[in-house]
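Worksheet: one structure, shown below.
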Amino acid sequence: MFVDANPALAALAREMLHVDDVTFAIHPDPDVRPEALPALLHEAAIAIVDHTALPTGIAGACPALRHVVFLGIGARSYMNPEALAELGIVMHTIKGYGDTAVAECAIGLAWAAARDLARMDREIRAGTWVRREGVQLGGRTLGLVGFGSIAAEVARIAHGIGMRVVAWNRTPRAHANVEFTALDSLLAQSDVVSLHLLLTDETRGILSRERIARMREGAILVNTARGALVDEDAMIDALRSGRLRHAGLDVYAVEPLPVGHPLTRLANVTLSAHSAFRTPEANRNLIGAAREHCARIARGVK
């Protein structure tokens with residue numbers, strides 16, 4: 001059962017989810033409340049989940065459920081894999097499906113922030129014609145916090161537009177045209193800081209108030225990873241004071257972002273609705289990988 005398929009993913013699922021000895025059902029509604037899952041999954045051994053929370057107690061009320069195929073890598077934001085394993089439910093995630101899509105979004109947010117494009121768009125629509133002075137990204141330093149496959153794509157694009165790229169990773173890495181350094185050093189020298197970490201107990205709040213204070217004055221912050229990596233209140237204070245020039249955000253501590261949230265009232269913030277990976281190419285990669293997970297499960301292959 002694909003429990004929360006949006007229209008684009010539902011169409012692809014109907015086209016692509018065909019595996020011998022597996023019957024697929026598609027629930028074409030992306031807004032599913034967790035308490036509705038036991039009824040949806042009553043007879044399902046495999047749940048395909050895009051973004052719906054699956055609390056452990058809810059999973060325990062799904063008697064047939066044995067596998068969860070999560071459409072992405074950030075499953076911990078929605079469920080507890082270890083607790084599910086104790087119930088006999090195996091978690092499967094999908095890597096690499098949207099590396100280029102997310103990387104292009106991160107660069108797009110950085111460019112929009114550097115040139116104040118969203119603010120000028122809002123003002124022109126409201127009848128105000130004010131030319132905002134931007135900054136050029138070419139020749140400036142991009143700091144990548146976390147260096148996996150998405151960050152490597154960001155580095156490739158950034159190098160192509162003439163940026164110097166520095167990075168920090170929790171485990172040692174090496175990559176062409178990227179200088180690896182300590183996190184505090186990265187924050188101090190980067191004109192743009194872009195986050196590319198998984199959310200874990202160790203990374204939650206890693207960009208703390210103290211670390212935000214160590215960032216270069218007037219830096220741009222981009223987050224296409226997870227909102228909880230950042231002390232959101234400290235980020236808002238830094239944006240209000242001008243210590244941060246701008247934030248380009250695709251993810252938030254609470255999603256959807258509540259109406260009237262302070263971030264929606266700041267002119268120097270560009271907002272995106274957790275959609276960095278939403279492209280036709282990435283969607284097709286996602287559903288194809290989900291199909292392969294289901295085929296492997298049906299064959300009894302771990």
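The values are calculated or read from the model by the stated rules, or taken from the named source; none is laboratory data. Values in this document were obtained by computation on a predicted structure and should not be read as measured data. Cβ sites come from the backbone with ideal geometry, for glycine too, and all protein chains shown count toward neighbours.
A few comments on the model shown:
- Candidates T128, T141 - the one that is touching a helix residue (DSSP H, G or I) at 6+ places or on another chain (Cβ under 8 Å), at pLDDT 95 or above and among the polar types (S, T, N, Q): T141
- Within region 235-249, being surrounded by fewer than 21 Cβ atoms within 10 Å (Cβ to Cβ) and either within 20 Å of the chain's Cα centre (by Cα) or of a type in the set (S, T, Y) (or both) holds for I236, S241.
- Residue count, region 187-202 (criterion: over 18 Å from V165 (Cα atoms) and free of Cβ contacts under 8 Å to residues at least 40 places away in the same chain): 2
- Residue list for region 46-91, restricted to those being of a type in the set (G, A, S) and either surrounded by fewer than 16 Cβ atoms within 10 Å (Cβ to Cβ) or assigned to a helix (DSSP H, G or I) (or both): A53, G57, A59, G60, A61, A64, G74, A75, S77, A83, A85, G88
- Candidate set: region 276-302, residues that are in a loop (DSSP other than H, G, I, E, B) and exposed (fewer than 12 other Cβ atoms within 10 Å of the Cβ); chosen: the one modelled with the highest pLDDT: R299
- For region 97-104, the condition holds for at least one residue, the condition being that it is among the hydroxyl-bearing types (S, T, Y) and in a loop (DSSP other than H, G, I, E, B).
- Checked against (1) under 28 Å from L266 (Cα atoms); (2) out of contact with any helix residue (DSSP H, G or I) (no Cβ under 8 Å at 6 or more places or on another chain); (3) among the basic types (K, R), R170 passes all but condition (1).
- The set of residues from region 200-227 being within 20 Å of N80 (Cβ to Cβ) and surrounded by fewer than 19 Cβ atoms within 10 Å (Cβ to Cβ) comprises T200, D201, E202, T203, R204, G205.
Here's the yes/no breakdown for (1) without any contact (Cβ under 8 Å) to a residue 24 or more places away in the chain; (2) within 30 Å of A151 (Cβ to Cβ); (3) in contact with a Lys or Arg (Cβ under 6 Å, 6 or more places away or on another chain); (4) not assigned by TED's automatic domain parsing to the domain that holds E153:
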position: M1; (1), (2), (3), (4): no, no, no, yes
position: D20; (1), (2), (3), (4): no, no, no, yes
position: E35; (1), (2), (3), (4): yes, no, no, yes
position: T52; (1), (2), (3), (4): no, yes, no, yes
position: L65; (1), (2), (3), (4): no, no, no, yes
position: G72; (1), (2), (3), (4): no, yes, no, yes
position: A83; (1), (2), (3), (4): no, yes, no, yes
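- In region 102-123, the residues that are under 17 Å from I157 (Cα atoms) and touching a Phe, Trp or Tyr at 6+ places or on another chain (Cβ under 9 Å): V102, C105
- Within region 123-149, the set of residues being more than 21 Å from A219 (Cα to Cα) and either surrounded by 15 or more Cβ atoms within 10 Å (Cβ to Cβ) or in contact (Cβ under 8 Å) with a residue 40 or more places away in the chain (or both) comprises E123, G148, S149.
- Residue list for region 65-76, restricted to those being over 18 Å from R33 (Cα atoms) and in contact with a Leu (Cβ under 7 Å, 6 or more places away or on another chain): I73, G74
- Flag for H42 being surrounded by 16 or more Cβ atoms within 10 Å (Cβ to Cβ), more than 20 Å from E255 (Cβ to Cβ) and not hydrophobic (A, V, I, L, M, F, W, C): no
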